[in-house]
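Novice: The structure under discussion is supplied below as structure tokens; questions concerning it will follow.
The values are calculated or read from the model by the stated rules, or taken from the named source; none is laboratory data. Every value quoted in this text rests on a predicted model; they were computed, and no experiment measured them. Because the Cβ atoms are built from the backbone with ideal geometry, glycine has one as well, and the counts that use them run over all protein chains shown. Heads up: the accessible areas ignore ligands, DNA and RNA and are worked out on the full protein's heavy atoms, side chains in. Shrake-Rupley method; radii C 1.70, N 1.55, O 1.52, S 1.80 Å.
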Amino acid sequence: MHLKYIILSFVLFTITANSQIVEDKKNFRAADSLLKEHSFSVHRDNYFLTGVPLDQDITRNTADVKYQVSFKLRLNSKPLWGGFFPYLMYTQKAFWDIYANSKPFSEINFNPGVALVRPFYLKGGRLTYGTVSLEHESNGRDSIYSRTWNMLAFSLKSQVSPRWTVGLRGWIPLVDKEDNPGLTKYVGYGEASATYQIKPGRWSADVLFRKGSGLINYGSLQTQLNWRPYKDENYYLTLQWFVGYTESLIDYQEHKSMIRLGFTIKPENMGIF
């Protein structure tokens, strides 16, 4: 059923065997990009944002706070067989109805995982990470409110120029369809990302596009504009716009359009995916 996605993933990883694309002599040096980080470090963006909907009336019940905590732990300072580094990862994303009377949390999504990361250089000295990961995502609830799925994911992330970093990620979703009918259509089978350094060290822009399984439906787009007020501090003022599906698991079938403003802590380096 998912043969084409397995084939795509295989193609992404066999790229390292092509001597016309990969600079073998620099492969060992590529590991320095991981080793110069602390073993415990930021994984995805850590942020605290507040915002309002763009597709419905703004009220105390539709405005909210979204925050995310994400970190990773490198388990070994020396590569395993094949030059892979093992990681543990954890991301938690929460939606807080802070403006409502009782200020409840409407949803919390938990995303632990394990990964093997292979750093290498493409021709032209473009630092690239190839990653295979096994992840779980759920909202920790039961009965009709339970949302859960697992994935085997493959990704490539590359610094294609001093200002551009691009990523491509595909996964094989493993979903309990009795509890989550149709979830696969909305989480899709892959995503593409890009970061552009508008003014290096100060201004940057991020784009994350996730494709659902429908021809034109069920995807999502998240864009961010980030401003770093102090070069010596690793936090940003962020303006984020999300439109599409699966921003949260509980409402995966609902189309959302939200604009939010707040603070973000980013990975100090490129990030593994």
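Novice: Would you confirm whether or not the range 254-268 contains a residue that is free of Cβ contacts under 8 Å to residues at least 12 places away in the same chain and more than 16 Å from the chain's Cα centre (by Cα)?
Specialist: yes
Novice: Now a separate question. Within the range 137-152, can one find any residue that is under 28 Å from ASN226 (Cβ atoms) and assigned to a helix (DSSP H, G or I)? Break it down stepwise before answering.
Specialist: Looking only at the range 137-152, we keep the residues that are under 28 Å from ASN226 (Cβ atoms), and these are 137, 139, 151.
Filter once more, so that each one left must be assigned to a helix (DSSP H, G or I): none.
Checked against the condition, which is being under 28 Å from ASN226 (Cβ atoms) and assigned to a helix (DSSP H, G or I), the range 137-152 yields no hits at all.
Novice: From ILE172, ILE198, which residue is assigned to a strand (DSSP E or B), touching a residue at least 60 places away in the same chain (Cβ under 8 Å) and over 26 Å from VAL65 (Cβ atoms)? Even if it seems obvious, please write down each step before you answer.
Specialist: Values: ILE198 fails: touching a residue at least 60 places away in the same chain (Cβ under 8 Å).
Within the list ILE172, ILE198, the selection yields ILE172.
Novice: For the range 83-106, enumerate the residues that are of a type outside the set (A, V, I, L, M, F, W, C), open to solvent by 40 Å² or more (accessible area, probe 1.4 Å) and closer than 25 Å to THR128 by Cβ.
Specialist: Correct list: TYR90 only.
Novice: Farther than 24 Å from LEU73 by Cβ, in contact with a Lys or Arg (Cβ under 6 Å, 6 or more places away or on another chain) and open to solvent by 20 Å² or more (accessible area, probe 1.4 Å), is that true of VAL160?
Specialist: Spelling it out, VAL160 is indeed farther than 24 Å from LEU73 by Cβ, in contact with a Lys or Arg (Cβ under 6 Å, 6 or more places away or on another chain) and open to solvent by 20 Å² or more (accessible area, probe 1.4 Å).
Novice: Now, a different point. Take the conditions hydrophobic (A, V, I, L, M, F, W, C), open to solvent by 20 Å² or more (accessible area, probe 1.4 Å), at pLDDT 95 or above and more than 27 Å from SER158 (Cα to Cα) and apply them to ILE144. Does it pass?
Specialist: No; evaluated as a whole, the condition is false for this residue.
Novice: Please go through the range 52-68 and give me each residue that is open to solvent by 20 Å² or more (accessible area, probe 1.4 Å) and among the basic types (Lys, Arg), ordered by number.
Specialist: If the condition is that a residue be open to solvent by 20 Å² or more (accessible area, probe 1.4 Å) and among the basic types (Lys, Arg), then ARG60 is the only one that fits.
Novice: So which of PHE120, PHE154 ends up being in contact with a helix residue (DSSP H, G or I) (Cβ under 6 Å, 6 or more places away or on another chain), more than 20 Å from ARG210 (Cβ to Cβ) and in contact (Cβ under 8 Å) with a residue 40 or more places away in the chain?
Specialist: PHE120
Novice: So in the range 163-183, with the set limited to residues that are modelled with pLDDT of 95 or more and under 16 Å from the mean Cα position of the chain (by Cα), which one is most open to solvent (accessible area, probe 1.4 Å)?
Specialist: Residue satisfying both the conditions and the ranking: LEU168.
Novice: Continuing with this model, one more query. Please specify each residue of the range 202-234 satisfying the condition of being assigned to a strand (DSSP E or B), open to solvent by 70 Å² or more (accessible area, probe 1.4 Å) and among the basic types (Lys, Arg).
Specialist: LYS211
Novice: What about TYR186, is it open to solvent by 30 Å² or more (accessible area, probe 1.4 Å) and of a type in the set (Ser, Thr, Tyr)?
Specialist: For TYR186, the condition - open to solvent by 30 Å² or more (accessible area, probe 1.4 Å) and of a type in the set (Ser, Thr, Tyr) - is not met.
Novice: For residues in the range 237-256 being in a loop (DSSP other than H, G, I, E, B) and hydroxyl-bearing (Ser, Thr, Tyr), which is most open to solvent (accessible area, probe 1.4 Å)?
Specialist: Once the filter is applied, the top-ranked residue is TYR245.
Novice: If you don't mind, there's one more thing I want to ask. Just for the range 257-273: of the residues that are out of contact with any helix residue (DSSP H, G or I) (no Cβ under 9 Å at 6 or more places or on another chain) and modelled with pLDDT under 95, which one is surrounded by the most Cβ atoms within 10 Å (Cβ to Cβ)?
Specialist: So, considering only residues that are out of contact with any helix residue (DSSP H, G or I) (no Cβ under 9 Å at 6 or more places or on another chain) and modelled with pLDDT under 95, the one surrounded by the most Cβ atoms within 10 Å (Cβ to Cβ) is PHE273.
Novice: Hey, among the residues in the range 33-51 that are part of a loop (DSSP other than H, G, I, E, B) and touching a strand residue (DSSP E or B) at 6+ places or on another chain (Cβ under 9 Å), which one's most open to solvent (accessible area, probe 1.4 Å)? Quick ask: steps written out before the conclusion?
Specialist: Restricting attention to the range 33-51, the residues satisfying the condition of being part of a loop (DSSP other than H, G, I, E, B) are 36-39, 43-45.
Adding the requirement that they be touching a strand residue (DSSP E or B) at 6+ places or on another chain (Cβ under 9 Å) leaves 37-39, 43-45.
Details: GLU37: 22, HIS38: 145, SER39: 52, HIS43: 4, ARG44: 57, ASP45: 29 Å².
Looking at residues that are part of a loop (DSSP other than H, G, I, E, B) and touching a strand residue (DSSP E or B) at 6+ places or on another chain (Cβ under 9 Å), I get HIS38.
Novice: To continue, here is another question. Scan the range 107-140 residue by residue and report those that are open to solvent by 60 Å² or more (accessible area, probe 1.4 Å) and either modelled with pLDDT of 90 or more or not charged (D, E, K, R) (or both).
Specialist: The answer is PHE110, VAL114, LEU116, GLY124, ARG126, LEU134, HIS136, GLY140.
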